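**Q** First, the structure itself, so that you have it in front of you.
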Amino acid sequence: MKAPSVLSRDEFNLAAEGFVRGSQRGTTRELDLRSTITDGWSWKKHSSFTHLCYLHRSRRTALVPEHDKETEYQDDMEDQIQSEFDASEAVVPELRVVTMQQYVAWSATYQLPGFYFTMHDASGTPVPLETIYRSAFFQKSRSMIAPPETTGIPAIFDRTQRDQSRLGGGDNAQFPVLAQGDHPVLGTPCWVFHPCETSAAIREILDELVGDGWTGSEGDLVRWLETWFMVLSSVVDLRL
Amino acid sequence: MSYANGPMRGGAPSQTPAATSLFRRLVWEGTVPLEIKIDSKELPAGSDRGLECYYIQAPRISYLPLLLPDIKKHLTDLVLDETNAGILKEDDWHWPIGLLYDYNTISHGLHSTIPPLPGTSTPTQPLRLTLHLVSPPLDKLLLTPSPESCKLSYMGQLKEADFLRWGNTKRVTGLRKQDHDGLWESLKNHNFDDFWRIASKIFPTTTPLSPNASPNPNGTSTFASPPPTALSLPPNSSTLSPSRPPSTDPSGPPVADRDGAYTVRSVPVRIYLPDGPVLQDLVPPLVDERAHTLRQFLRTHLPLLFPPPPSQPQAYALVQGVVCPGDAEMAWLGACMAGADGWVNVCIGLGRPPR
């Protein structure tokens, strides 16, 4: 049997629990070299509705937005003066320590895991979307996704789809890859990341890896989730 | 009724059965009382504190950010000056107003030890909201609740509902941008006809349960006439009728049923519990080839609150503010009692229902 392109809630729960156990024991396959992607995740469940589960980890990182990084290290005096005048363009003028709460929770609508996160600075203030967009977290996908200020709306859109939206076409025209949503278990507001074509990418990878040998065992389900992480880390930097 | 026209008239809404239109109209016109109060700590010095409350009867299917301009306009005359922003600091500002109200009703019931007096009508307590003028540095909101964010959230929910029903979002994404904007504008302007002119292209119809009984004005079965193409309605419909985006399965059941409430994969439904998580799962329109009722649905998902007979239910279900009977069919709720975003929001109140 071939690997599925979606997971049921029970399958996700099994996969998530197995994934955490595996990463704690250090037996995660394929991702050993990039253990920071699998590190630090804990498996949580709702106190009363125990079938509602999710993965969580907390990350502290320093935000060094790319264009500010260039400004910071200028040696030329003139450029430094110029950069001060350009300060109004800089969303984050200095190094900022932020805490990112990362969650992997199952979406009942799409029958797929979704990546949910929040980012706050040391005073507890949420980091604005423009800053998140410019951070290293989104470095890999910035060529493909449009910054929020050019779209004028508080979400991040796939750049190619956004252009198509003017012609009224495209399957995801006008629908963002990153927008605000509610955490499926906690109900709290988060940024939700729905990378395009996740299902198709996972299916393709698993067809290569397991072919017709899918049995739906816990091991297979963990491998499905590891593949999902792989696909996600190709668009956002989970090493941070 | 003016909208119970026969199938020969143009425009999809007129082809909707009268009962369906009636309930959609009732949902559309439903309102709830809101009391908007400015945070008294933020009132400008010297302002008249007696004028700090604004009462409004708000449409259930609308959203708080859409009401802000109206609220600000009235409060500006009395209290505010032009420069104050006005921010509603609720975490759930992107919920429809009716849902906010019903959620408050069930949550209030949780803490109330005094049951409603017998013979009194359904609670008409206003939902109390606080308007903040100043955004403090420790603003915990991820996003300012602007009309743009609200529209985005609305479109996202519309798309999710579409996906749940059909396994793809072709109906919503197949709409032209002017239709997407038109949906939102008709919400803002509270125009039922404008809204349903577009919404009927993507929301399920309430055709009969039996797939072979498609009504046809000629009196012949649809199978006897030339097979309809994906974009056309039954052959003798008015050519002015707007067409629906193509369905994914050209070899499926006749077009008249393809968008039927009983052929969806899952009805978009969410359950809201007082102090609990929001529950969502697949809700098939049929169970064992019979219509999936609200009673069955609640017994499946909340077996302790809705136990099988002879035990009595320990809770009740509110949909659009109405205590829903157990015989209500989930598919019908999805077609007639959903919000403007297509979702059926079921709020569970503990104990006996309010009269």
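The values are calculated or read from the model by the stated rules, or taken from the named source; none is laboratory data. Predicted model only: the values in this text are computed from it and were never measured. Cβ placement follows ideal geometry from the backbone for every residue including glycine, while neighbour counts extend to all protein chains displayed. Heads up: the accessible areas ignore ligands, DNA and RNA and are worked out on the full protein's heavy atoms, side chains in. Shrake-Rupley method; radii C 1.70, N 1.55, O 1.52, S 1.80 Å.
**Q** For segment B:191-207, which residues satisfy the criterion of being part of a loop (DSSP other than H, G, I, E, B) and modelled with pLDDT of 95 or more?
**A** So the first thing to find is which residues in segment B:191-207 are part of a loop (DSSP other than H, G, I, E, B), and the list is B:191, B:200-204, B:206-207.
Matches in segment B:191-207: B:Asn191 only.
**Q** In the set A:Asp68, A:Asp75, A:Asp79, which member is open to solvent by 50 Å² or more (accessible area, probe 1.4 Å), in a helix (DSSP H, G or I) and at pLDDT below 70? Give the steps one after another, and end with the answer.
**A** Working: A:Asp68 fails: open to solvent by 50 Å² or more (accessible area, probe 1.4 Å); A:Asp75 fails: in a helix (DSSP H, G or I).
Answer to the check: A:Asp79.
**Q** Here's something else I'd like to know. Kindly indicate the residue of segment B:282-296 that is in contact with a Phe, Trp or Tyr (Cβ under 9 Å, 6 or more places away or on another chain) and not aliphatic (A, V, I, L, M) and also surrounded by the most Cβ atoms within 10 Å (Cβ to Cβ) among those meeting that condition.
**A** Among residues in segment B:282-296 that are in contact with a Phe, Trp or Tyr (Cβ under 9 Å, 6 or more places away or on another chain) and not aliphatic (A, V, I, L, M), the one surrounded by the most Cβ atoms within 10 Å (Cβ to Cβ) is B:Pro285.
**Q** Separate question: Can you name every residue in segment A:97-142 that is assigned to a loop (DSSP other than H, G, I, E, B), away from chain B (no Cβ under 14 Å) and among the hydroxyl-bearing types (Ser, Thr, Tyr)? It would help to see each step written out before you state the result.
**A** The initial filter retains those residues of segment A:97-142 that are assigned to a loop (DSSP other than H, G, I, E, B), namely A:108-111, A:122-125, A:127-128, A:135, A:142.
In the following step, the residues that additionally are away from chain B (no Cβ under 14 Å) were identified as A:135, A:142.
Residue satisfying the conditions is A:Ser135 alone.
**Q** Within segment B:102-131, work out how many residues are at pLDDT 50 or above, open to solvent by 60 Å² or more (accessible area, probe 1.4 Å) and of a type in the set (Ser, Thr, Tyr).
**A** Of the residues in segment B:102-131, 1 are at pLDDT 50 or above, open to solvent by 60 Å² or more (accessible area, probe 1.4 Å) and of a type in the set (Ser, Thr, Tyr).
**Q** Which residue pairs have Cβ atoms closer than 7 Å, lie 6 or more positions apart in sequence or on different chains, and pair a first residue in segment B:183-202 that is without any contact (Cβ under 8 Å) to a residue 60 or more places away in the chain and not assigned by the TED database to the domain that holds B:Tyr63 with a second residue that is open to solvent by less than 20 Å² (accessible area, probe 1.4 Å) and hydroxyl-bearing (Ser, Thr, Tyr)?
**A** Correct list of pairs: B:Trp184/B:Tyr154; B:Asp194/B:Ser186.
**Q** Considering only segment A:45-56, state which residues are surrounded by fewer than 17 Cβ atoms within 10 Å (Cβ to Cβ) and either more than 20 Å from B:Thr300 (Cα to Cα) or not hydrophobic (A, V, I, L, M, F, W, C) (or both).
**A** So the first thing to find is which residues in segment A:45-56 are surrounded by fewer than 17 Cβ atoms within 10 Å (Cβ to Cβ), and the list is A:45-51.
Correct list: A:Lys45, A:His46, A:Ser47, A:Ser48, A:Thr50, A:His51.
**Q** A further question follows. Exactly one condition in (1) at pLDDT below 90; (2) more than 16 Å from the chain's Cα centre (by Cα) is false for B:Arg171; which is it?
**A** (1)
**Q** What are the residue pairs meeting all of these: first residue in segment B:46-70, first residue farther than 17 Å from B:Val32 by Cβ and outside the structural domain of B:Gly321 (by the TED database), second residue modelled with pLDDT of 80 or more and in a strand (DSSP E or B), Cβ atoms under 7 Å, and 6 or more apart or on different chains?
**A** The qualifying pairs are B:Glu52/B:Lys37.
**Q** In this structure, is A:Ala62 out of contact with any Phe, Trp or Tyr (no Cβ under 8 Å at 6 or more places or on another chain), modelled with pLDDT under 90 and in a strand (DSSP E or B)? Please lay out each step first, then the result.
**A** Details: out of contact with any Phe, Trp or Tyr (no Cβ under 8 Å at 6 or more places or on another chain): yes; modelled with pLDDT under 90: yes; in a strand (DSSP E or B): yes.
Spelling it out, A:Ala62 is indeed out of contact with any Phe, Trp or Tyr (no Cβ under 8 Å at 6 or more places or on another chain), modelled with pLDDT under 90 and in a strand (DSSP E or B).
**Q** Please identify the pairs in which a residue from segment B:169-180 that is at the interface with chain A (Cβ under 8 Å from one of its Cβ atoms) has its Cβ atom under 6 Å from the Cβ atom of a residue that is open to solvent by 10 Å² or more (accessible area, probe 1.4 Å) and assigned to a helix (DSSP H, G or I), counting only partners at least 6 apart or on another chain.
**A** These pairs meet every condition: B:Thr169/B:Lys159; B:Thr169/B:Phe163.
**Q** Identify, please: which residue in segment A:201-240 is assigned to a loop (DSSP other than H, G, I, E, B) and open to solvent by less than 10 Å² (accessible area, probe 1.4 Å) and is, among those, nearest to A:Ser135 (Cα to Cα)?
**A** Applying the first criterion (assigned to a loop (DSSP other than H, G, I, E, B)) to segment A:201-240 yields A:211-217, A:234-240.
Narrowing the set further to residues that are open to solvent by less than 10 Å² (accessible area, probe 1.4 Å) leaves A:236, A:238.
Working: A:Val236: 10, A:Leu238: 12 Å.
Among them, the one singled out is A:Val236.
**Q** Let me confirm something: among B:Leu34, B:Leu22, which residue is at pLDDT 85 or above and outside any helix (DSSP H, G or I)?
**A** On the way: B:Leu22 fails: outside any helix (DSSP H, G or I).
Checking each option against the conditions leaves just B:Leu34.
**Q** Which of the numbered conditions does A:Asp182 fail, given that it passes all the others? Conditions: (1) within 11 Å of chain B (Cβ to nearest Cβ); (2) on the phi > 0 side of the Ramachandran plot.
**A** Every condition holds for A:Asp182 apart from (2).
**Q** Continuing with the same structure: Filter segment A:1-36 down to the residues that are exposed (fewer than 15 other Cβ atoms within 10 Å of the Cβ), modelled with pLDDT under 70 and assigned to a helix (DSSP H, G or I) and list them by number.
**A** Passing the criteria: A:Arg25, A:Asp32, A:Leu33, A:Ser35.
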